[in-house]
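K.L.:
Take a look at the following structure, please.
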Ligand SMILES: [Zn+2]
């Protein structure tokens with residue numbers, strides 16, 4: 001006798017249907033799993049048999065063969081425990097599930113030895129793609145039910161243990177499908193941060209406003225304790241709210257990383273700040289079971305690299321691909337897979353090895369050649385992708401204790417940003433931000449007034465700008481003009497944009 005159960009697995013952020021065929025036949029009592037299983041799957045037979053035994057089920061003394069199809073798809077992990085167990089029960093007549101029901105259902109879940117059904121990775125991604133496989137329902141671990149239930153038009157049956165599932169499949173009990181609206185989940189608490197908590201630093205806040213409005217990568221240069229991290233952390237509070245699609249796309253990445261459990265979804269733009277000792281695989285993804293790296297966990301959010309010069313140069317070089325293509329390709333033996341990685345980069349560094357070059361309060365003790373060498377360590381391809389550079393000064397005593405000083409809040413900054421974002425949506429049909437303009441688009445959309453032209457011409461000569469540097473100024477100036485609702489780029493816009501290229505002089509000489 002032979003039964004087919006439908007299951008699924010994820011590769012990258014996409015789900016693939018897997019057919020679990022179970023065959024029982026006379027012969028030596030044995031249990032085989034074929035069809036490119038990994039070690040975790042091969043070991044599943046012990047979990048499955050023990051779980052069935054512990055649920056009081058005695059199996060006929062026969063040979064069990066499980067085939068996972070398609071054969072060329074590499075299957076990983078423990079989520080096939082449940083479909084295999086159900087397949088065995090159906091084939092051995094312990095269950096008599098209607099074949100239409102089986103054809104319409106995906107079954108996923110890991111079994112523990114006592115029959116409990118444990119959570120799995122990737123439930124959201126599987127639910128997202130389930131309709132592609134013409135499925136009407138998914139039976140999965142209860143812990144994964146909420147995330148999967150966000151996908152509409154698919155019935156989500158969350159189960160806690162095998163005994164419960166068997167009773168459900170025998171129609172002895174009813175399990176109400178999990179219903180979950182995105183609005184209900186939004187009430188999750190999060191750390192309340194706001195720009196109003198940062199005293200002073202108006203210039204830095206302004207630079208971040210421009211960065212958020214036009215999606216410009218930004219570099220902070222400042223002494224230790226100048227508040228670079230505090231500022232960076234608040235950037236998500238002035239970015240546009242995530243759209244439904246962005247929420248699902250980012251949450252899928254957390255789901256396949258197993259980082260979503262009971263945490264519902266990712267509603268706030270993620271802020272990731274990996275330590276400088278991170279490995280290349282940790283940063284861009286990889287491993288023998290390829291997992292998304294920090295760049296993908298920052299998808300639709302922010303990647304903050306503090307102490308940029310402390311990162312290994314080779315580690316920073318791998319950022320080139322995601323910064324350029326907004327995704328990461330990971331080559332594997334059988335197929336390469338892709339993770340999305342569209343993030344805004346904030347990098348921060350000290351101005352010199354001792355940290356105090358240009359600081360108002362403390363003197364720098366570094367020799368000038370040492371400073372040049374220090375900046376040389378910065379990776380060229382990475383800097384090429386950064387539109388805004390800004391020096392951050394540590395704030396003085398008076399600012400901290402000035403009770404009258406008004407602190408610009410996130411809401412203050414956001415009102416102009418939302419207008420600029422709207423303008424760009426109309427300009428590019430929602431496809432991109434000013435930072436991604438190509439040369440033709442720069443020519444088309446960055447019209448300068450006559451006075452502005454004079455200014456940039458002078459800067460071009462004086463700063464010895466490269467064409468790339470010149471284009472960056474135009475893109476940033478476009479965003480500044482959008483923030484003030486101006487169609488043309490005028491003197492004030494271009495002057496401010498030039499201000500954000502302070503490192504160019506140092507760096508482009510190299
Ligand atoms: Zn120094």
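The values are calculated or read from the model by the stated rules, or taken from the named source; none is laboratory data. Small disclaimer: the values here were computed from a predicted structure and weren't measured. Glycine also receives a Cβ, built like all others from the backbone with ideal geometry; neighbour counts cover every protein chain displayed.
K.L.:
How about segment 110-134: which of its residues are within 19 Å of residue 180 (Cβ to Cβ) and modelled with pLDDT of 95 or more?
P.N.:
Once the filter is applied, which keeps residues that are within 19 Å of residue 180 (Cβ to Cβ) and modelled with pLDDT of 95 or more, segment 110-134 yields only 117.
K.L.:
Mind counting the residues in segment 363-379 that are more than 8 Å from the ligand (Cβ to nearest atom), touching a helix residue (DSSP H, G or I) at 6+ places or on another chain (Cβ under 8 Å) and in a loop (DSSP other than H, G, I, E, B)?
P.N.:
Selection size over segment 363-379: 3.
Residues are listed down the side, and each one gets a yes or a no for (1) at pLDDT 90 or above; (2) under 25 Å from residue 435 (Cα atoms); (3) not assigned by TED's automatic domain parsing to the domain that holds residue 391:
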residue: 293; (1), (2), (3): yes, yes, no
residue: 297; (1), (2), (3): yes, yes, no
residue: 306; (1), (2), (3): yes, yes, no
residue: 316; (1), (2), (3): no, yes, no
residue: 322; (1), (2), (3): yes, yes, no
residue: 331; (1), (2), (3): no, no, no
residue: 340; (1), (2), (3): yes, yes, no
residue: 343; (1), (2), (3): yes, yes, no
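K.L.:
Any chance you could count how many residues in segment 209-228 are in contact with a strand residue (DSSP E or B) (Cβ under 7 Å, 6 or more places away or on another chain) and in a helix (DSSP H, G or I)?
P.N.:
3
K.L.:
Now, a different point. Of all the residues that make up segment 145-167, how many are within 17 Å of residue 6 (Cβ to Cβ) and touching a strand residue (DSSP E or B) at 6+ places or on another chain (Cβ under 7 Å)?
P.N.:
7
K.L.:
Can you give me the ranges of the helices (runs of 4 or more DSSP H) entirely in segment 409-507 with at least 1 residues that are in the same structural domain as residue 230 (by TED's automatic domain parsing) and buried (at least 18 other Cβ atoms within 10 Å of the Cβ)?
P.N.:
410-428
K.L.:
Are any residues in segment 142-156 assigned to a strand (DSSP E or B) and under 17 Å from residue 265 (Cα atoms), and if so, which ones?
P.N.:
Correct list: 156 only.
K.L.:
Another question, then. How many residues, within segment 336-359, are within 14 Å of the ligand (Cβ to nearest atom) and in a loop (DSSP other than H, G, I, E, B)?
P.N.:
The number of residues fulfilling the criteria is 10.
K.L.:
For residue 175, are the conditions met, namely being in contact with a helix residue (DSSP H, G or I) (Cβ under 9 Å, 6 or more places away or on another chain) and in a strand (DSSP E or B)?
P.N.:
no
K.L.:
In segment 96-133, what count of residues is obtained for those that are in contact with a strand residue (DSSP E or B) (Cβ under 9 Å, 6 or more places away or on another chain), assigned to a loop (DSSP other than H, G, I, E, B) and surrounded by fewer than 19 Cβ atoms within 10 Å (Cβ to Cβ)?
P.N.:
So the count comes out to 4.
K.L.:
Right, next: Which ones in segment 433-455 are under 26 Å from the mean Cα position of the chain (by Cα) and without any contact (Cβ under 8 Å) to a residue 40 or more places away in the chain?
P.N.:
Selection gives 438 alone.
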